[in-house]
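The values are calculated or read from the model by the stated rules, or taken from the named source; none is laboratory data. From a predicted model like this one, the values you see are computed outputs, not experimental measurements. So basically every Cβ, Gly included, is an ideal-geometry build from the backbone, and we count neighbours across all protein chains shown. Only protein heavy atoms, including side chains, enter the accessible area calculation; ligands, DNA and RNA are left aside. Shrake-Rupley method; radii C 1.70, N 1.55, O 1.52, S 1.80 Å.
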Amino acid sequence: MPICLASFLGQPLPVADYWLWLAFPICLTISVVYKTTKAERFRDIFPAAAVLFGSMIVGLALVTIALWLLTRL
Amino acid sequence: MASDSAKLKGWEFPLAAVLAWLVPGAGHFYLGLRKRALLLFIAIELTFFIGLYVGTLRIVDPAQSMFWFVAQVLAGLNTIIAHLWSTSSYAEATTPLVRDWSYHMAVLYTGIAGLLNLLAVFDTVIRAGRANVGQAPLPAD
């Protein structure tokens, strides 16, 4: 079992070409955990987390575009 | 197991906090908030294991980055296991450690998993304390 785990977690993924896509899962888990601690009722968690996730992605995209434009000036 | 609306004894606060640190979501489970506990467990462990999958078990190592190791330790028991494995002679012999994009993304993921668990620990203590200071408990799941 430990050897299987080591072989599964033993080689780094080559993420140099698509590391930017890794922003999506981390934004998703951050928004779910944050809203799990903040929402008063359990059923409010998922809609609030979806809104926060969308806001984070849009915010990151806007910052990315702004910085990209800044480097082009 | 305590209930969210029940008054906790003095020793149960540190117990709930330690449980919440050791296993993400365990503090909420102790308070009787099982759905929230499951959600926290899945989200935090998923973040941590995506990090390990991207960067290998070797990334949990204070010799590489003490700052990020402190953040990783906040993720609890799985960090300690990963650290023991990463510093073993077997791992050093078989698993390469390359400080490239994978390494940095993996350290970021595992460190953020730890910081998210810190948020869960604080939430456990706050929820546990509401009943004791006379405030209305938050609704159960």
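What is the number of the single condition among (1) at pLDDT below 80; (2) within 18 Å of B:Ile112 (Cα to Cα) that A:Phe8 does not meet?
That leaves (2) as the condition not met.
Could you go through region B:9-31 and let me know if any residue there is hydrophobic (A, V, I, L, M, F, W, C), crowded, with 24+ Cβ neighbours inside 10 Å and in a loop (DSSP other than H, G, I, E, B).
yes
Among the numbered criteria (1) at pLDDT below 95; (2) in a helix (DSSP H, G or I); (3) more than 9 Å from chain A (Cβ to nearest Cβ), which single criterion is violated by B:Leu38?
Condition not satisfied by B:Leu38: (1).
Tell me which of these B:Asp100 doesn't satisfy, since it passes every other one: (1) farther than 19 Å from A:Val32 by Cβ; (2) in contact with a helix residue (DSSP H, G or I) (Cβ under 8 Å, 6 or more places away or on another chain); (3) among the acidic types (Asp, Glu).
(2)
Can you pull out the residues in region B:89-112 that are within 8 Å of another protein chain (Cβ to nearest Cβ) and modelled with pLDDT of 75 or more?
B:Tyr90, B:Asp100, B:Trp101, B:Ser102, B:Tyr103, B:Met105, B:Ala106, B:Leu108, B:Tyr109, B:Ile112
What number of residues within region B:74-91 satisfy the criterion of being touching a residue at least 24 places away in the same chain (Cβ under 8 Å) and not hydrophobic (A, V, I, L, M, F, W, C)?
Of the residues in region B:74-91, 5 are touching a residue at least 24 places away in the same chain (Cβ under 8 Å) and not hydrophobic (A, V, I, L, M, F, W, C).
Considering only residues that are crowded, with 16+ Cβ neighbours inside 10 Å and either under 10 Å from the mean Cα position of the chain (by Cα) or within 21 Å of B:Thr110 (Cβ to Cβ) (or both), which ones fall in region A:51-62?
A:Phe53, A:Met56 - these are the residues of region A:51-62 that are crowded, with 16+ Cβ neighbours inside 10 Å and either under 10 Å from the mean Cα position of the chain (by Cα) or within 21 Å of B:Thr110 (Cβ to Cβ) (or both).
Return the residues of region B:77-88 that are in a helix (DSSP H, G or I) and either at the interface with chain A (Cβ under 7 Å from one of its Cβ atoms) or surrounded by 15 or more Cβ atoms within 10 Å (Cβ to Cβ) (or both); say none if nothing qualifies.
B:Asn78, B:Thr79, B:Ala82, B:His83, B:Trp85, B:Ser86 - these are the residues of region B:77-88 that are in a helix (DSSP H, G or I) and either at the interface with chain A (Cβ under 7 Å from one of its Cβ atoms) or surrounded by 15 or more Cβ atoms within 10 Å (Cβ to Cβ) (or both).
Filter region A:21-50 down to residues that are of a type in the set (Phe, Trp, Tyr) and either more than 10 Å from chain B (Cβ to nearest Cβ) or open to solvent by less than 20 Å² (accessible area, probe 1.4 Å) (or both), then give me how many there are.
2
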